1. Can you report the number of residues in the stretch 162-178 which are assigned to a helix (DSSP H, G or I), more than 13 Å from Val99 (Cα to Cα) and of a type outside the set (Ser, Thr, Tyr)?
2. What single numbered condition from (1) at pLDDT below 90; (2) open to solvent by less than 50 Å² (accessible area, probe 1.4 Å) fails to hold for Thr103?
3. Please find, among Ser39, Ser32, the residue that is outside any helix (DSSP H, G or I), at pLDDT below 90 and in contact with a Pro (Cβ under 9 Å, 6 or more places away or on another chain).
4. Could you give every pair whose Cβ atoms fall below 9 Å, whose first residue belongs to the stretch 120-147 and is assigned to a loop (DSSP other than H, G, I, E, B), and whose second residue is open to solvent by 20 Å² or more (accessible area, probe 1.4 Å), counting only separations of at least 6 or pairs across chains?
5. If I filter the stretch 105-115 for residues that are among the polar types (S, T, N, Q) and under 19 Å from Ile170 (Cβ atoms), do I get at least one hit?
6. Does the stretch 81-113 hold any residues that are over 24 Å from the mean Cα position of the chain (by Cα), among the small types (Gly, Ala, Ser) and not in a strand (DSSP E or B), and which are they?
7. Which members of the stretch 147-164 meet the condition of being at pLDDT below 95, open to solvent by 60 Å² or more (accessible area, probe 1.4 Å) and within 18 Å of Ala59 (Cα to Cα)?
8. If I ask for residues that are open to solvent by 30 Å² or more (accessible area, probe 1.4 Å) and either within 14 Å of Leu166 (Cα to Cα) or in contact with a Cys (Cβ under 9 Å, 6 or more places away or on another chain) (or both), which ones from the stretch 118-141 would you list?
Amino acid sequence: MKNAALYMLFMALLPLAGCGYSHNGDFGKPTSSAYQWHSLYREDVQTVAIPIFANREFARGVEFDLSKALVNTIEAHTPYKVVPRERADTVIEGEVTQVQVSTLSRLFREAVPQEQMFIVTVNFTWKDLRTGQVLLERRDFQQTAQYYPTLAEGQFQGSQQAIEKLALAITQELEAEW
């Protein structure tokens, strides 16, 4: 009975402890001492153009799939609208520099790949078309995805996973600095 009373007292006092956040009473005016709400993304950019990435690799089609995945990811996860270059505030241009398939493990007796990794490497630049300023530049930006040929997964599944992960990683790089 005593434990139940202590538990009830603890639960009643718990909300009074708070989370450690403070605010100045005015949510419209940010101050340095108050908890502030800001977008993760730049507020001075509303639109972005995404031309098809260049491709310096023998593997064809990766540049089209990556550009399409990047458009879809930016539209889904950011406040930016993807528009043609003529109407855009900024542009993301890039090139696929390397596409590799690496075997991680093989079936011992048959020497058949059991686990493989699809690796895509790109260079990209995010540039403000209004000022000419480079907002972000990444070289040798890489993403990988594992797939399992012995489980009827082909290289297509590995490439799609790597491209989707790469598009999401590029989108996350667009976040504003803290």
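The values are calculated or read from the model by the stated rules, or taken from the named source; none is laboratory data. This structure is a prediction, so every number in the text was calculated from the model and none was measured. Neighbour counts run over all protein chains shown; Cβ positions are idealised from the backbone, glycine included. What goes into the accessible areas is simple: the full protein's heavy atoms, side chains included, and nothing from ligands, DNA or RNA. Shrake-Rupley method; radii C 1.70, N 1.55, O 1.52, S 1.80 Å.
1. Kept after step one, since they are assigned to a helix (DSSP H, G or I), are these residues of the stretch 162-178: 162-173.
After this cut, where a residue has to be more than 13 Å from Val99 (Cα to Cα) as well, the list is 164-165, 167-173.
Adding the requirement that they be of a type outside the set (Ser, Thr, Tyr) leaves 164-165, 167-170, 172-173.
Of the residues in the stretch 162-178, 8 are assigned to a helix (DSSP H, G or I), more than 13 Å from Val99 (Cα to Cα) and of a type outside the set (Ser, Thr, Tyr).
2. Result: Thr103 fails condition (2) only.
3. On the way: Ser32 fails: in contact with a Pro (Cβ under 9 Å, 6 or more places away or on another chain).
Residue meeting the stated conditions: Ser39.
4. Close Cβ pairs satisfying both conditions: Leu129/Arg85; Leu129/Asp89; Arg130/Asp89; Gln133/Lys127.
5. no
6. Ala111 - this is the single residue of the stretch 81-113 that is over 24 Å from the mean Cα position of the chain (by Cα), among the small types (Gly, Ala, Ser) and not in a strand (DSSP E or B).
7. The answer is Gln155, Phe156, Gln157, Gln161.
8. Passing the criteria: Arg138, Arg139, Asp140, Phe141.
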